[in-house]
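Structure record follows, encoded as structure tokens.
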Amino acid sequence: MPRGAQMHIDVITDREQLEKLHGDWDRLYAEDPEAQLFISWNWLVPYMRSYAGAWFVLAARAGETGSPYVALMPLRLRTRINKSSGLYINEINMAGNNAADYTGAICAPEHAIAALQAFGRHVAQMGWSRLNLENLRMSRERIFAFIGQFSRETFEMREFSRVNAVDNVNNCRCFAATLPDTFDSYLDTVLSANTRQKLRRFLRKVDAGELRIGRAEPATYERDIDMLLDLWRIKWGARKGDRLQSILVNNRRVLRESYRHGTLYLPMLWQGERLLGALAIFVDPVKKALLFFMAGRDETVSSIPVGLILHGHCIRLAIENGFTTYDFLRGDEPYKLAFGVSESRVDCAMIHTKSGRNVGDRLDPRCLNDVFAEVSRSHQKGELAQADSGYRQILATDPQHARALYGFGQLLSFKGNHRGALGQFETLAEIAPNSWKTWFRVGMELQALSRHIEAEDAFLQTLALAPDYAPARFALAKSLAALDRRNAAIDALSGLLEDLQLAPRDSTLHLKADAMLKRLKQQAKPSYIRLNPAPVPAAMSTMAY
């Protein structure tokens, strides 16, 4: 297919659809020379599933419906409040964000450019305010094909670095070693003489049993992961500050899922019964790569080069099993340079709307229920301005969102905007004509507007659906009285009071109904006026008949 050719984009959002992608995903991963472990099915999909309702996959077809997919781009949606505007906005992140060192897409090579252009066009039309492209590992040609679809009239892009302020480590720089056919060749041709001699000496200690390297097993992997994370926490916990617990929870989940899906190797270096250190290594049998994710070691041990031994062990194991790459992932820590590595980079950028608002001033439809939950909480807490804004945003995206119509109607009614409230409830009544609550609300707003004939109809509709709903019977009596149909109102209230006495439910309503009934009966009594006979004029009194 020529570049720029039209492609069809499907948006995969549920687990059943996702499972159907498995075959295409594995095929494209194997075909794509730019594919890397963090976008493989076995690593990424288990992680994505932990973000239920937020992940989605853009899937490109070059042919008719049913034809194989030629590219996949996994993404994730996030919703938050813009503090300056008070509006809810959507952000789109790469699906592996917060866990994956590399992100991107997988493509059939001959369709890559056309597919990335199509993905860009599709994303540019979605409802969002920020698109975070973190740790993007794709060729410049593919990146430009994607970002070239975002109009400069609407969007701006900002590239940024990932340099740690504490130690000046640049996390956009990545290092990996290309492995030769034999471990001896690696030692002799890749490493420096000093590193080679040191590594050989300590690996001999391992082979002789002075030191022992074990590995996580099905019965021990959860314990072993916890031990690794505990060592890591001792080293890095203070530096991570308030983020520490969330990092530990996220990494524990990632490591456990990776082990269960066969993508984690966890070697542990022991001296007797003392754990000296451990590595978390991701295994990519398709691309023949081991990827070093994290390490932990006993910081009180200074005489044994724990990291060198464990990395040397893993590199030897990789070569023995035909692997060709040992990837140290992101970060330009100096120790990595000792392993004969070459450098590559990841890109970090953010594309955002110039207005700071969502594209088209609409929310992504999939976030509406979550936004409604937040808006409802604001409403309940009395944060009426925030609730008002949120309801309006939801209804601008989905004018028939039933719960937002009801909540917004309640809010407008509370603020005294009965005409606006009536509009919300009447719309809802069209959508849900069998909702007695909605018809009751329609009646109450009509009553507040003194439109009692229509209110009567609404209350009758309410009672047709919920015959025992006492507040509707009371409200109906009020409208009947307002229409000067006093006898009908008296009958309605009398019946209501009889039922309330038989099954007491609402003492306040009982008191109101009783007071209203007495008032109506008093008004219904005839007024007896004593007429004193008028004095007869004298001239008339003597008139003869």
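Counting other C-beta atoms within 10 Å, which of Val57, Val166 has the fewest, and how do the rest follow? Numbers along the way, then the final one.
Values: Val57 22, Val166 6.
The fewest-first ordering by Cβ neighbours comes to Val166, Val57.
In a reduced charge model with +1 at each Lys and Arg Cβ and -1 at each Asp and Glu Cβ, the chain shows a dipole moment near 1500 debye about its Cα centre. Once the Cα atoms are used to define both axes, helix 22-31 deviates from the longest principal axis of the chain by about 40 degrees. Each principal axis of the Cα cloud of the stretch 67-122 was taken in turn, and the coordinate range along them, longest first, works out to 45, 26, 18 Å.
Candidates Phe323, Tyr265, Ile247 compared by Cα position along the dipole of the stretch 178-345: farthest toward the positive end lies Ile247, with charges placed on Cβ. Here the mean projected area of the convex hull built on the C-alpha positions of the stretch 361-522 is 10.3 nm². Computed about its Cα centre, the charge dipole of the stretch 270-413 is approximately 280 debye, with only Lys, Arg, Asp and Glu carrying charge at their Cβ.
Find how many whole Å separate the alpha carbon centroid of the stretch 355-419 from the alpha carbon centroid of the stretch 458-511. So the two Cα centres are separated by 33 Å.
Every helix of 4 or more DSSP H residues in the chain counts as -39500 (n - 2.57), and over all residues that averages to -14500 deg cm²/dmol at 222 nm. Taking the C-alpha atoms only, the angle from helix 486-502 to the longest principal axis of the chain is near 60 degrees. Relative to the Cα centre, the charge distribution of the stretch 153-257, modelled as +1 at Lys and Arg Cβ and -1 at Asp and Glu Cβ, gives a dipole magnitude of about 500 debye.
Across the chain, the fraction of Cα-Cα pairs farther apart than 42 Å, rounded to a whole number, is 45%.
Could you work out how far helix 306-320 tilts from the main Cα principal axis of the chain, as a 0 to 90 degree angle to the nearest 10? Helix 306-320 sits roughly 80 degrees off the main axis of the chain. Here the stretch 251-298 is treated as a Stokes sphere of Kirkwood radius computed over C-alpha pairs; at 25 °C and 0.890 mPa s its diffusion coefficient rounds to 214 µm²/s. Quick one: Cα centre-to-centre distance for the stretch 157-204 and the stretch 240-259, in angstrom? About 25 Å separates the Cα centre of the stretch 157-204 from the one of the stretch 240-259.
Three principal axis extents describe the C-alpha atoms of the stretch 178-345; from largest down they are 44, 35, 32 Å.
For the stretch 1-88, the C-alpha radius of gyration divided by 2.2 N^0.38 Å, with N the number of residues, is 1.27.
At 1.002 mPa s and 20 °C, plugging the Kirkwood radius over alpha-carbon pairs of the stretch 185-235 into Stokes-Einstein gives what diffusion coefficient in µm²/s?
Details: Rh = 13.5 Å.
Rounded, D is 159 µm²/s.
Taking amide H as placed 1.01 Å from N in the peptide plane, Val70 has its amide H under 5 Å from the amide H of Ala60, Arg61, Ala62, each at least 5 places away in sequence or on another chain.
Just so you know, all these numbers are worked out from the coordinates, no wet-lab data involved. Because the structure is a prediction, the values reported are computed rather than measured. No Cβ is skipped: glycine too gets one built from the backbone with ideal geometry, and neighbour counts run over all protein chains shown.
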